[in-house]
Amino acid sequence: MNVTNGVTHRRWLRQCNPGLSACISARIGEGWIRDATELKQLEAFVDDPTFLEELRAVKQWNKARLAVKVQEVLGVHIDSQSLFDVQIKRLHEYKRQLLNVLHILALYLRLRDGVDTNPVPRTFVFSAKAAPSYSAAKHIIKLIHSVARMLEADPRVRDSLRVVFLPNYNVSLAEVI
């Protein structure tokens, strides 16, 4: 059995997501902060419409907060009502960032060619670190930026498909993402 000191849920849930933390604590108390196994008590609320609506509101608030961060950092507006697809952390060929970009290109072609006539608006958010000498990673980052510019320039898809790459990935940025 693997035992953690709790830093994961304390940092990535309590500290980074205070709205969700408050929602959880209002239902099960604050014991989960020290003992993550207490989060299992949330199963009792899986069909509670009030709880589910609070979760949706927290999620939407967090998406709006990320949209503000993207606007601050990149000067780009993203729709916080769109479906967010987020891929962050270390950039490697095997971590699927390249595969995700190819997926975005496939979505673009379906939209451009009229195959997908009623798309769910999507925003793809990337951020990563890569070793300075890792040329393949640099090429993937360049491709992500190129695809973002191409989508932004095409009025047929601009409102349905967005790509952003937040630079200078670090823990503070990850907390917002």
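Numbers below:
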read-out: Near pairs, Cβ below 8 angstrom, 6+ apart or cross-chain, from region 16-33 (within 15 Å of PHE51 (Cβ to Cβ)) to any residue that is aromatic (Phe, Trp, Tyr) and crowded, with 16+ Cβ neighbours inside 10 Å; value: CYS23/PHE51; ILE24/TRP32; SER25/TRP32; ARG27/PHE45; ARG27/PHE51
read-out: Of residues in region 18-47 being modelled with pLDDT under 90 and not in a helix (DSSP H, G or I), the one least open to solvent (accessible area, probe 1.4 Å); value: ASP35
read-out: The listed residue being assigned to a loop (DSSP other than H, G, I, E, B) and not aromatic (Phe, Trp, Tyr), out of ARG149, ARG110, ARG156; value: ARG156
read-out: Test: residue in region 97-105 that is under 29 Å from ARG10 (Cβ atoms) and either in a strand (DSSP E or B) or out of contact with any Asp or Glu (no Cβ under 7 Å at 6 or more places or on another chain) (or both); value: yes
read-out: ILE144 being part of a loop (DSSP other than H, G, I, E, B) and closer than 29 Å to GLN15 by Cβ; value: no
read-out: First in region 154-170 and under 15 Å from VAL120 (Cβ atoms), second anywhere and assigned to a loop (DSSP other than H, G, I, E, B), Cβ under 6 Å, 6 or more apart; value: SER160/PRO119; SER160/PRO121; ARG162/ILE78
read-out: Enumeration of residues in region 117-141 that are of a type in the set (D, E, K, R) and part of a helix (DSSP H, G or I); value: LYS138
read-out: Test: residue in region 86-95 that is open to solvent by 40 Å² or more (accessible area, probe 1.4 Å), more than 19 Å from LEU66 (Cβ to Cβ) and part of a strand (DSSP E or B); value: yes
read-out: Where a residue in region 110-123 is farther than 21 Å from ALA67 by Cβ and touching a residue at least 12 places away in the same chain (Cβ under 8 Å) and its partner, wherever it lies, is assigned to a strand (DSSP E or B) and open to solvent by less than 70 Å² (accessible area, probe 1.4 Å), with Cβ under 8 Å and at least six apart; value: LEU111/LEU161
read-out: Residues of region 48-60 classified as loosely packed, with under 14 Cβ neighbours inside 10 Å and either part of a helix (DSSP H, G or I) or modelled with pLDDT under 95 (or both), total; value: 7
read-out: Members of region 133-177 found to be at pLDDT below 95, over 19 Å from ILE88 (Cβ atoms), surrounded by fewer than 14 Cβ atoms within 10 Å (Cβ to Cβ) and of a type outside the set (D, E, K, R), listed by number; value: SER133, SER135, PRO155
read-out: Extreme residue, most open to solvent (accessible area, probe 1.4 Å), among residues of region 110-132 that are within 18 Å of the chain's Cα centre (by Cα) and hydrophobic (A, V, I, L, M, F, W, C); value: VAL120
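The values are calculated or read from the model by the stated rules, or taken from the named source; none is laboratory data. Since we're looking at a predicted model, the values are computed, not measured. Positions of Cβ are backbone-derived with ideal geometry, glycine not excepted, and every protein chain shown enters the neighbour counts. These area figures cover heavy atoms from the full protein model, side chains too; ligands, DNA and RNA do not enter into them. Shrake-Rupley method; radii C 1.70, N 1.55, O 1.52, S 1.80 Å.
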